[in-house]
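Enquirer: The structure under discussion is supplied below as structure tokens; questions concerning it will follow.
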Amino acid sequence: MQTVLPAPVATEGWDKAGLPLASLDPATVMSVADCVDAALAGLDIGGTIKVPSVEDLAPLLADYDSSRFALLGAAQSGVAASRYKVGG
């Protein structure tokens with residue numbers, strides 16, 4: 001099993017969702033064929049998370065994990081942050 005997180009993919013879904021594909025920068029849109037090819041190649045490579053348009057995902061995921069763990073730790077408090085206190 002893998003998760004594939006592509007750039008916008010050129011499908012009719014954009015128009016149906018009310019955001020015409022033509023309104024997107026063509027340089028950011030991946031073809032269906034390229035997305036499928038990348039997903040299948042990802043199965044051969046292994047791993048669980050594939051972002052076909054990112055050349056080197058490892059450092060980005062490392063930064064993400066570091067931030068995620070920092071946020072989780074900071075959120076472990078039973079006291080509201082001062083910006084949320086009424087009449088502070």
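The values are calculated or read from the model by the stated rules, or taken from the named source; none is laboratory data. None of the values given here were measured: they were computed from a predicted structure. Neighbour counts run over all protein chains shown; Cβ positions are idealised from the backbone, glycine included.
Enquirer: Working only within the range 37-88, note down all residues that are in contact (Cβ under 8 Å) with a residue 12 or more places away in the chain and of a type in the set (A, V, I, L, M, F, W, C).
Expert: Within the range 37-88, Ala38, Ala39, Leu43, Ile49, Val51, Leu61 meet the criteria.
Enquirer: Does Asp44 count as surrounded by fewer than 10 Cβ atoms within 10 Å (Cβ to Cβ) and either modelled with pLDDT of 90 or more or among the small types (Gly, Ala, Ser) (or both)?
Expert: yes
Enquirer: Given the residues Pro8, Pro52, Pro26, which is the only one that is loosely packed, with under 10 Cβ neighbours inside 10 Å, of a type outside the set (Val, Ile, Thr) and at pLDDT 90 or above?
Expert: Pro26
Enquirer: Would you call Asp25 within 15 Å of Gln2 (Cβ to Cβ), acidic (Asp, Glu) and under 19 Å from the mean Cα position of the chain (by Cα)?
Expert: Judged against the criteria, Asp25 is not a match.
Enquirer: Only one of these is at pLDDT below 95, over 14 Å from the mean Cα position of the chain (by Cα) and surrounded by 10 or more Cβ atoms within 10 Å (Cβ to Cβ): Ser82, Ser31, Ser66. Name it.
Expert: Ser66
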